[in-house]
């Protein structure tokens with residue numbers, strides 16, 4: 001969208017979502033039902049409402065309103081909208097590298113809800129995002145034991161080993177009793193900076209641990225840590241999660257068992273090196289037969305509070321009467337390295353409005369929040385366009 005303006009924004013979005021199989025939704029997950037949710041008012045409930053079809057269409061609506069009311073837009077816009085974010089954004093990096101000249105912009109921006117995360121009642125500005133890498137572990141019958149050519153009846157379990165149990169034992173080597181990563185060769189990333197520690201201290205002053213547990217439907221944290229120490233764990237620790245276990249159905253010992261894994265990375269960790277460390281750790285502990293397949297991923301990213309897009313976000317939130325909090329980074333993951341590392345431009349993410357349930361049951365955004373989202377995007381665009389480029 002060439003508006004012949006001084007500044008250009010590169011807009012990133014995604015239209016793919018996580019599956020809903022096995023989830024007990026209160027409404028059909030792809031019907032976009034408007035219903036009342038306790039404590040939230042009228043909400044649109046659907047897969048993708050929060051992450052991330054909702055904010056993407058809200059941004060497009062905001063541009064459409066500006067075009068209709070003003071006849072022009074305050075900046076030039078380039079859109080890149082992908083359908084592989086939930087599986088590691090496998091193709092988009094090559095696209096960005098091949099089209100670097102056409103994607104030249106001052107700043108990249110991802111529309112996303114500011115009232116989503118550790119404090120849903122207060123908008124946030126995040127100075128980055130964790131990275132992620134996905135990989136698969138597969139245990140096959142072989143020299144260690146197990147069925148090799150075909151599944152066998154479970155009655156012979158006294159004689160024949162199970163790839164499923166062997167895979168479970170291998171998985172247990174990756175974490176400690178708190179489910180923290182326990183891979184000796186895995187680099188844990190950069191420690192928090194002085195600026196990060198100052199942010200953590202400020203966040204801890206208003207961190208309501210009991211309320212957060214209630215929102216998550218949990219009874220306790222897995223640590224005895226409190227305040228800034230608990231927040232430091234959240235923002236600056238890598239995590240590992242089993243996303244799927246794949247075994248043969250029925251009362252048989254299968255020839256193989258697989259586990260799909262996601263590991264969230266903190267700044268300084270490399271995706272390929274992290275998977276290699278897992279592979280080496282398993283081999284060193286007698287599980288060299290486990291096949292480790294890297295399914296793709298990307299690194300974490302940090303930005304500066306002084307980047308023009310972040311300054312514009314803060315100004316826009318305050319213009320709408322909100323006092324935002326600044327967090328070190330989103331603990332989820334987005335491929336924002338494409339902008340900072342591949343294209344060499346800063347990026348920001350935001351937009352007022354409340355949403356939640358990403359990847360889970362009854363994902364939603366509030367109707368009032370969606371209206372506010374569109375308004376705040378328009379305000380943000382003007383603040384960004386009118387800010388001197390040298391600042």
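The values are calculated or read from the model by the stated rules, or taken from the named source; none is laboratory data. Given the structure is predicted, the values throughout are model-derived calculations rather than measurements. Cβ placement follows ideal geometry from the backbone for every residue including glycine, while neighbour counts extend to all protein chains displayed.
Consider residue 179 carefully, then state whether it is out of contact with any strand residue (DSSP E or B) (no Cβ under 6 Å at 6 or more places or on another chain), assigned to a loop (DSSP other than H, G, I, E, B), under 30 Å from residue 228 (Cβ atoms) and touching a residue at least 12 places away in the same chain (Cβ under 8 Å).
Values: out of contact with any strand residue (DSSP E or B) (no Cβ under 6 Å at 6 or more places or on another chain): yes; assigned to a loop (DSSP other than H, G, I, E, B): yes; under 30 Å from residue 228 (Cβ atoms): yes; touching a residue at least 12 places away in the same chain (Cβ under 8 Å): yes.
Criteria met by residue 179.
Within the bounds of segment 173-186, is there any residue that is surrounded by fewer than 14 Cβ atoms within 10 Å (Cβ to Cβ), in contact with a helix residue (DSSP H, G or I) (Cβ under 9 Å, 6 or more places away or on another chain) and not assigned by TED's automatic domain parsing to the domain that holds residue 325? Write out each step before concluding.
Quick first cut of segment 173-186, residues surrounded by fewer than 14 Cβ atoms within 10 Å (Cβ to Cβ) only: 176-179, 184-185.
Okay, now just the ones that are also in contact with a helix residue (DSSP H, G or I) (Cβ under 9 Å, 6 or more places away or on another chain), so 184-185.
Cutting the leftovers down to not assigned by TED's automatic domain parsing to the domain that holds residue 325 gives us 184-185.
Yes, some residue in segment 173-186 is surrounded by fewer than 14 Cβ atoms within 10 Å (Cβ to Cβ), in contact with a helix residue (DSSP H, G or I) (Cβ under 9 Å, 6 or more places away or on another chain) and not assigned by TED's automatic domain parsing to the domain that holds residue 325.
At pLDDT 95 or above, in a loop (DSSP other than H, G, I, E, B) and either in contact with a helix residue (DSSP H, G or I) (Cβ under 6 Å, 6 or more places away or on another chain) or within 22 Å of residue 96 (Cα to Cα) (or both): is that true of residue 24 in this structure? Before you say what the answer is, go through the steps one by one.
Numbers: at pLDDT 95 or above: yes; in a loop (DSSP other than H, G, I, E, B): yes; either in contact with a helix residue (DSSP H, G or I) (Cβ under 6 Å, 6 or more places away or on another chain) or within 22 Å of residue 96 (Cα to Cα) (or both): no.
Criteria not met by residue 24.
What's the number of the only condition in (1) within 27 Å of residue 361 (Cβ to Cβ); (2) in a loop (DSSP other than H, G, I, E, B) that residue 211 fails to meet?
The number of the failed condition is (2).
Are any of the residues in segment 28-51 touching a helix residue (DSSP H, G or I) at 6+ places or on another chain (Cβ under 8 Å), modelled with pLDDT of 95 or more and closer than 23 Å to residue 10 by Cβ?
Yes: segment 28-51 contains one or more residues that are touching a helix residue (DSSP H, G or I) at 6+ places or on another chain (Cβ under 8 Å), modelled with pLDDT of 95 or more and closer than 23 Å to residue 10 by Cβ.
Given the residues 263, 269, which is the only one that is closer than 20 Å to residue 175 by Cα and in contact with a strand residue (DSSP E or B) (Cβ under 6 Å, 6 or more places away or on another chain)?
Details: 269 fails: in contact with a strand residue (DSSP E or B) (Cβ under 6 Å, 6 or more places away or on another chain).
None of the other options fit; the residue is 263.
What's the total number of residues in segment 192-228 that are closer than 17 Å to residue 179 by Cα and surrounded by 13 or more Cβ atoms within 10 Å (Cβ to Cβ)?
Residues in segment 192-228 being closer than 17 Å to residue 179 by Cα and surrounded by 13 or more Cβ atoms within 10 Å (Cβ to Cβ): 2 in total.
Among the residues of segment 60-83, write down those that are touching a residue at least 24 places away in the same chain (Cβ under 8 Å) and over 16 Å from residue 385 (Cα atoms).
61, 65, 79, 80, 81, 82, 83
Residue under question is residue 202, and the condition is that it be farther than 18 Å from residue 135 by Cβ, touching a residue at least 24 places away in the same chain (Cβ under 8 Å), touching a strand residue (DSSP E or B) at 6+ places or on another chain (Cβ under 9 Å) and outside the structural domain of residue 149 (by TED's automatic domain parsing); does it hold?
On the way: farther than 18 Å from residue 135 by Cβ: yes; touching a residue at least 24 places away in the same chain (Cβ under 8 Å): yes; touching a strand residue (DSSP E or B) at 6+ places or on another chain (Cβ under 9 Å): yes; outside the structural domain of residue 149 (by TED's automatic domain parsing): yes.
Taking the combined requirement at face value, the residue satisfies it.
If we keep just the residues of segment 105-164 that are at positive phi and part of a loop (DSSP other than H, G, I, E, B), which is modelled with the lowest pLDDT?
Ranking the qualifying residues of segment 105-164, first place goes to 117.
Can you tell which of 314, 305 is part of a helix (DSSP H, G or I) and within 16 Å of residue 128 (Cβ to Cβ)? Lay out the reasoning, then the answer.
Details: 305 fails: part of a helix (DSSP H, G or I).
It is 314.
If you go through segment 245-256 one residue at a time, do you hit one that is under 17 Å from the mean Cα position of the chain (by Cα) and either assigned to a strand (DSSP E or B) or buried (at least 16 other Cβ atoms within 10 Å of the Cβ) (or both)?
Initial filter on segment 245-256 (under 17 Å from the mean Cα position of the chain (by Cα)): none.
Scanning segment 245-256 turns up no residue that is under 17 Å from the mean Cα position of the chain (by Cα) and either assigned to a strand (DSSP E or B) or buried (at least 16 other Cβ atoms within 10 Å of the Cβ) (or both).
Has segment 53-61 got any residue that is in contact with a strand residue (DSSP E or B) (Cβ under 6 Å, 6 or more places away or on another chain), at pLDDT below 95 and either over 20 Å from residue 344 (Cα atoms) or surrounded by 20 or more Cβ atoms within 10 Å (Cβ to Cβ) (or both)? Steps first, please.
Restricting attention to segment 53-61, the residues satisfying the condition of being in contact with a strand residue (DSSP E or B) (Cβ under 6 Å, 6 or more places away or on another chain) are 54-56, 59.
Narrowing the set further to residues that are at pLDDT below 95 leaves none.
No, every residue in segment 53-61 fails to be in contact with a strand residue (DSSP E or B) (Cβ under 6 Å, 6 or more places away or on another chain), at pLDDT below 95 and either over 20 Å from residue 344 (Cα atoms) or surrounded by 20 or more Cβ atoms within 10 Å (Cβ to Cβ) (or both).
Looking only at segment 30-45, how many residues end up being touching a residue at least 40 places away in the same chain (Cβ under 8 Å), surrounded by 15 or more Cβ atoms within 10 Å (Cβ to Cβ) and either out of contact with any strand residue (DSSP E or B) (no Cβ under 7 Å at 6 or more places or on another chain) or not in a loop (DSSP other than H, G, I, E, B) (or both)? So that I can check it myself, show each step before the final result.
The initial filter retains those residues of segment 30-45 that are touching a residue at least 40 places away in the same chain (Cβ under 8 Å), namely 34, 37, 40-45.
Among the residues that remain, those that are also surrounded by 15 or more Cβ atoms within 10 Å (Cβ to Cβ) are: 37, 40, 43-45.
Then keep just the ones that are either out of contact with any strand residue (DSSP E or B) (no Cβ under 7 Å at 6 or more places or on another chain) or not in a loop (DSSP other than H, G, I, E, B) (or both); that gives 37, 43-45.
Number of matching residues: 4.
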